[in-house]
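The values are calculated or read from the model by the stated rules, or taken from the named source; none is laboratory data. Note that the structure is a prediction, hence the values are computed from the model and not measured. Heads up, the Cβs are rebuilt from the backbone with ideal geometry, glycines too, and the neighbour counts pull from every protein chain shown. Remember, those area values only see protein heavy atoms, side chains included, never the ligands or the DNA or RNA. Shrake-Rupley method; radii C 1.70, N 1.55, O 1.52, S 1.80 Å.
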Amino acid sequence: MVKVLFVCLGNICRSPVAEAIFNKKIKDAGLEDRFAADSAGTSAYHLGNPPDQRSVSNALVNGVSVDHKSRQFTGDDFSEFDYILAMDKDNLLHIESMAKQLGLIHQGIFLFCSFQPHSEGQEVPDPYYGGKHEFQKVFDVLDDCNQRFIKYLAETHQV
Ligand code: 4NP
């Protein structure tokens, strides 16, 4: 089983939606015995909380149901997950500095947008202080990145 962890700041807006889109696409492709996903936040701001209602309702409009409880990223996640996908550069830095502190080398840490072509440094924008439009924009980016990432997984893990 290849395990994927999506990471944002609060684990209530971007990463739970990324996880839900990934799991839906994997299920639709009949690959749920090969790939599984979870999500976490680099902060503890919303520990134990459900996803942001704006993310949940926007995802539902797009046919994706989101069900998660916010948790914080921990050192154990480095051994638990094959891929750790950061939504933005701050989260990426946080993850990389934790790995460094723990003396770990992990080959599967990426900015999620790095799976898009010509994506140098591109991030999934933080919608927390935004309006409806921002939540749909985030959904579209997450959907596109997931499509490309799953194609990469299928090629890399011989599906
Ligand atoms: P997320 O969005 O990282 O995509 O879950 C945010 C959620 C909460 C906060 C910031 C971003 N906050 O500052 O509480």
Q) Since residue 39 meets every condition but one in (1) within 12 Å of the ligand (Cβ to nearest atom); (2) assigned to a helix (DSSP H, G or I), which condition does it not meet? A) (2)
(Q) Based on this model, can you work out whether residue 112 counts as touching a Ser or Thr at 6+ places or on another chain (Cβ under 7 Å) and either farther than 16 Å from residue 149 by Cβ or of a type in the set (A, V, I, L, M, F, W, C) (or both)? (A) no
Q: Scan the range 74-91 for residues that are within 16 Å of the ligand (Cβ to nearest atom), among the acidic types (Asp, Glu) and surrounded by fewer than 16 Cβ atoms within 10 Å (Cβ to Cβ) and jot them down.
A: 90
Q: Select from the range 33-65 the residues that are open to solvent by less than 20 Å² (accessible area, probe 1.4 Å) and of a type in the set (Val, Ile, Thr) and list them in ascending order.
A: 42, 64
Q: May I ask you to verify whether residue 94 is of a type outside the set (Ser, Thr, Tyr), part of a loop (DSSP other than H, G, I, E, B) and either in contact (Cβ under 8 Å) with a residue 60 or more places away in the chain or surrounded by 14 or more Cβ atoms within 10 Å (Cβ to Cβ) (or both)?
A: no
Q.
Can you pull out every residue in the range 115-133 that is under 18 Å from residue 57 (Cα atoms), away from the ligand (no atom under 12 Å from the Cβ) and touching a helix residue (DSSP H, G or I) at 6+ places or on another chain (Cβ under 8 Å)?
A. 132
Q) Which of the residues that make up the range 105-151 are touching a Cys at 6+ places or on another chain (Cβ under 9 Å) and touching a residue at least 40 places away in the same chain (Cβ under 8 Å)? A) 112, 124, 126, 127, 128, 135, 138, 145
Q) Exactly one of (1) in contact with a strand residue (DSSP E or B) (Cβ under 9 Å, 6 or more places away or on another chain); (2) open to solvent by 30 Å² or more (accessible area, probe 1.4 Å); (3) away from the ligand (no atom under 13 Å from the Cβ) is unmet by residue 136. Its number? A) (1)
Q. What's the number of the condition residue 71 fails, among (1) away from the ligand (no atom under 13 Å from the Cβ); (2) at pLDDT 95 or above?
A. (1)
Q. Which of the residues that make up the range 126-159 are part of a loop (DSSP other than H, G, I, E, B) and among the aliphatic types (A, V, I, L, M)?
A. 159
Q. Right, residue 69: of a type in the set (D, E, K, R) and under 19 Å from residue 24 (Cα atoms) or not?
A. yes
Q) Just for the range 1-29: of the residues that are open to solvent by 40 Å² or more (accessible area, probe 1.4 Å) and farther than 21 Å from residue 62 by Cβ, which one is nearest to the ligand (Cβ to nearest atom)? A) 9
